[in-house]
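Single-structure report; data block below.
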Amino acid sequence: MANSTDSRSTLTLDDEALCRDLHTLRDYLRWAASEFHLAGLHHGHGTDSPWDEAVALTLGALHLPWNVDPAVLDARLLPVERARIVALVRERITSRRPLPYLLGEAFFAGFAFDVDERVLIPRSPIAELIESGFAAWFPEEPPARVLDLCTGSGCIGIATALHLPTCEVDLSDVSTDALAVARQNIQRHDLGVRARAVLSDLFEGLAGQRYDLIVSNPPYVDARDLATMPAEYRHEPALALGAGADGLDIVRRILREARRYLTDHGVLIVEVGNSDRHLEAAFPEVPFLWLDFERGGQGVFALTAAELDAHAASFA
């Protein structure tokens, strides 16, 4: 989706002129932040302000870590590095493509993952649960077998395997394109046989499997939210976002079918985002445990196998 450039923007200059007048990393950080603020970008894919976006873009373009020594701020950049940053800033503003797609990489639960338009950009608050090892439900021993349902890039399952080195994870998705990215990330993190990518329409390809933990960030955006999402989200695969009028088409199936794939002491954790209100209205008798997150986020519930058993009639 193209956007006209604000007349106050320096992007009316050509790239050569911009590269000639901007020299240091500090110059490019300040310039990018100013342009992002002027452009009114939406920040919802790993950053939350024009400054954060500028930091992520410039460091990503230069292959520098987030905790780089501040002394590099006054380092002069090579002409090819200047051109790369200018091109990325221009593309971010004119196309509204989210930055992780431009860089081909996103960070989740402390790890880097390959991403492109075949998968959602990782941003789930479930990262906090992974970093804690799901200790609220597994205080003594970690789950032995974990299913990342609707896996996309594989970030939830792979990060779980990296934080819990004794567990095995299955990454399932109905999209062959998404599974190709998930397999790239399995290889990137050298998980070997501890992680496998499975083509499956929810549980259909998982016959006979049982898991101690099923975690899912499925499509859950309702029709109204989907129609009004900022331009950045329109670059993400529609299959991974929308789920009917109330956003619960997929979640209803998960609730109905998950118990058969859980061990007797297993746990189901699902993100439904803003569709949490629809879920509570649809199943007022079900004691969903809504989780709180220190770094923000909402709409993630947990149900135990026993609770799924007790309310099976509601989900039928």
Can you pull the accessible area of His278 for me, 1.4 Å probe, Å² to the nearest 10? 50 Å²
Can you tell me the Rg and Dmax of region 37-104, counting just the alpha carbons, in angstroms? 11.9, 33
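Using helices alone, what [θ] at 222 nm do you get for the chain, with -39,500 (n - 2.57) per DSSP H run of 4 or more residues, divided over all residues and rounded to the nearest 500? Intermediate values should be presented prior to the final figure.
Details: 13 runs with 115 residues, N = 316.
Calculated mean residue ellipticity at 222 nm is -10000 deg cm²/dmol.
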Expressed as an acute angle from 0 to 90° and rounded to the nearest 10, what is the orientation of the C-alpha long axis of helix 25-39 relative to the principal long axis of the chain? 70 degrees
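Hey, any idea what % of the chain's accessible area is carbon plus sulfur with a 1.4 Å probe? Can you show the working numbers first?
Values: 7670 of 14550 Å².
Using a 1.4 Å probe with all protein chains present, the chain comes out at 53 percent carbon and sulfur.
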Over the chain, average the accessible area per residue using a 1.4 Å probe and give it in Å², no decimals. 46 Å²
Neighbour count of at most 16 Cβ within 10 Å plus DSSP loop: longest trypsin sites (Lys or Arg not before Pro)-free window in the chain: 9-209
Could you give me the percent of Cα pairs per 10 Å distance bin for region 134-189, shortest bin first, beginning at zero and ending with the bin that holds the maximum distance? 26, 51, 20, 3
Quick one: grab the alpha carbon gyration tensor of region 1-124, order the square roots of its eigenvalues as a ≥ b ≥ c, and give me rounded if a/c is under 1.5, else prolate or oblate depending on whether a/b is larger than b/c. oblate
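Provide the FRET efficiency to the nearest 0.05 for the Ser34-Ala112 pair, computing r from the beta carbons and using R0 = 30 Å. Mind showing how you got there, number by number?
Working: r = 28 Å, r/R0 = 0.92.
Calculated transfer efficiency: 0.60.
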Once both axes come from the Cα atoms, what is the angle between helix 176-188 and the longest principal axis of the chain, in degrees from 0 to 90, rounded to 10? 80 degrees
Roughly what would the spin-label model give for Asp52 and Arg145, points 7 Å off Cα along C-beta, in nm? 3.8 nm
Starting from the residue with the highest accessible area, list Thr166, Thr151 in decreasing order, probe 1.4 Å. Thr166, Thr151
Based on alpha-carbon centroids, what's the gap between region 147-203 and region 20-34 in Å, whole number please? 39 Å
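From largest to smallest, what semi-axes in whole angstrom does the chain give when each is the square root of 5 times an eigenvalue of its alpha carbon gyration tensor?
Numbers: eigenvalues 310, 92, 52 Å².
The three semi-axes for the chain are 39, 21, 16 Å.
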0 to 90° range, to nearest 10: angle between helix 79-95 axis and the chain longest Cα axis: 60 degrees
Alpha carbon Rg of region 147-304, scaled by the compact-globule rule 2.2 N^0.38 Å: 1.03
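The values are calculated or read from the model by the stated rules, or taken from the named source; none is laboratory data. Since this is a predicted model, take the numbers as computed values, not measurements. Note that we place each Cβ from the backbone using ideal geometry, even for glycine, and neighbour counts take in every protein chain shown. The accessibility values were calculated without ligands, DNA or RNA, using every heavy atom of the protein model including side chains. Shrake-Rupley method; radii C 1.70, N 1.55, O 1.52, S 1.80 Å.
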